[in-house]
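Down below is the structure, laid out as structure tokens.
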Amino acid sequence: MITLDIRFIRGIYVNPDSARDMEWPPSPWRVVHSLWATWVARRPEIPRATMETLLSRLLPPPSYRLPVVVPGPEEGVLRIDPDAKLQIHWPRSFLTEGQLEVLNDLLLDLPYLGHPENICLARAHAAAPQSLDGFPAADPPWQMDTGPYREVVLLCPAPNFLDAVNEVSSEEWTPGARPVTYAFPAGWLGDKPKTIRHHPTPVTLIRYRLEGAHLPVTLTLRLGEGARRAAMSWFGRLNGRALSETLSGRNKDGNPDPIHHRHAHYLPADEDGDGILDHLSVWAPAGFSREELAALSLLRYVKVEENQPIRVETIFFAALDRPFAAGHPHLFGPSLIWESVTPFIPGRYAKIRGSGDQRKMVETAEDQIRRELSLRGYPEPLSIESYGPEDLPSWPEFVWMRKAGRKPAGPPGGWRITFPVPVTGPMALGYGCHFGLGQFRPRP
């Protein structure tokens, strides 16, 4: 048997298609199609034969165990406890341990179901739910509780699903789908609002892929500045020229954010190591509001100086919690050792303090790194050493002075930080850290 446990970590479920009736629970077709799309877009290294085997096991109509949901503040929105699990169960389908491992690896890259706000964490296992309360109406209710039920039509993948998704036309929005009548409890929307958290888990990370870009990694700072301008522009257009404190890093009085870098970091990266920027992450430890997410979801182009606008494609929205970060160790760790991938620039000038034998240099780069790590909640590092990797341009080759704002207080440099325990990123420190400078990467 196969069971999927799905948590909607923002505490809401938005109707995937506003032109149609509310789809709850997510249809089996939507789940299988999302897995297929995730494979095509993000995990093409998984062999096609393996994916066809996995998805073929999920084609029969499954059963459900439903969490309590209640109508949300707007039409087409449901509220759900972010810790509650929606369970989808295929009692007659089986996977080997290796196939189950591949499926769970794929689920780590599944960003949402049906709508960008339906951010989810999912895992697969071979245990049956304690009970089930939603069945295909044609199946005998072998574990159905007594009580009134209602019929709901959901789309399920058809037997020809794998062929249909490869031949889909722009007019066909549900390739390889067939309607199946389900029996669900009559009170499927629930009447227990006290069990529902009122504040959804905030999204803290948005990831983009740069399309057709040929911007060298040395222009990281310029791309970060351009991304901030584009995000602020969209927010202003959607909100009557209002200013977002999270996206801008400034409060209503125009002063810099004083809360220890809780606002947005715009972090371009060269993740395939060819010297060309290929991804952009926008990360805010404090999280983004719904209005800010709307602006960021509309980001399509970023202008960088005299270069042609760079097209960006949204990959996913995520709450950067422990399960998600653990699934992307090359980006977020955890790791004992973190190394510079863009130059660290001191924000303060080094000074000599004391007299005679007591004279010593203070506010060194190492001092400033330790201070920032402490402010951001990291443990005291065991060591901070100078670092210059062979796979990157020399630090002075990077553009490291912003076009506006305060000037840097020291020359660029690279560092290797060793912690007493593994820590999780993202990690960006020093001058320009909100625009891509001072980034560190976990050492494998």
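The values are calculated or read from the model by the stated rules, or taken from the named source; none is laboratory data. Every value quoted in this text rests on a predicted model; they were computed, and no experiment measured them. A quick note on method: Cβ atoms are made from the backbone with ideal geometry, for glycine too, and the neighbour counts reach across all protein chains shown.
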- Item | Test result for GLU271, acidic (Asp, Glu), under 18 Å from SER340 (Cβ atoms), surrounded by fewer than 19 Cβ atoms within 10 Å (Cβ to Cβ) and assigned by TED's automatic domain parsing to the domain that holds ARG250 | yes
- Item | helices (runs of 4 or more DSSP H) wholly inside the range 299-399 that include at least 3 residues being modelled with pLDDT of 80 or more and under 28 Å from the mean Cα position of the chain (by Cα) | 365-375
- Task: Could you grab me the full set of residues in the range 304-318 that are farther than 14 Å from TYR266 by Cα and not polar (S, T, N, Q)?
- Result: GLU305, GLU306, PRO309, ILE310, ARG311, GLU313, ILE315, PHE316, PHE317, ALA318
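For (1) at pLDDT 80 or above; (2) buried (at least 20 other Cβ atoms within 10 Å of the Cβ); (3) small (Gly, Ala, Ser); (4) closer than 30 Å to ASN307 by Cβ, each residue gets a yes or a no:
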| residue | (1), (2), (3), (4) |
| --- | --- |
| SER170 | no, no, yes, no |
| ALA177 | yes, yes, yes, no |
| PRO200 | no, yes, no, no |
| GLY226 | yes, yes, yes, yes |
| ALA230 | yes, yes, yes, yes |
| ARG237 | yes, no, no, yes |
| SER244 | yes, yes, yes, yes |
- Message: Looking at the range 32-41, can you tell me whether even one residue there is modelled with pLDDT of 90 or more and in contact with a strand residue (DSSP E or B) (Cβ under 7 Å, 6 or more places away or on another chain)?
- Response: yes
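What do you reckon, is ARG10 in contact (Cβ under 8 Å) with a residue 60 or more places away in the chain and surrounded by fewer than 18 Cβ atoms within 10 Å (Cβ to Cβ)?
Values: in contact (Cβ under 8 Å) with a residue 60 or more places away in the chain: yes; surrounded by fewer than 18 Cβ atoms within 10 Å (Cβ to Cβ): no.
For ARG10, the condition - in contact (Cβ under 8 Å) with a residue 60 or more places away in the chain and surrounded by fewer than 18 Cβ atoms within 10 Å (Cβ to Cβ) - is not met.
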- Under 9 Å between Cβ atoms, at least 6 apart or on separate chains: pull out the pairs that start in the range 278-300 with a residue that is at positive phi and end on any residue that is polar (S, T, N, Q) and surrounded by 16 or more Cβ atoms within 10 Å (Cβ to Cβ). GLY287/THR201; GLY287/THR204; GLY287/THR246
- Note on the structure: Note: among ILE337, ILE369, just one is in contact with a Phe, Trp or Tyr (Cβ under 9 Å, 6 or more places away or on another chain), under 21 Å from ASP270 (Cβ atoms) and of a type in the set (Val, Ile, Thr), namely ILE337
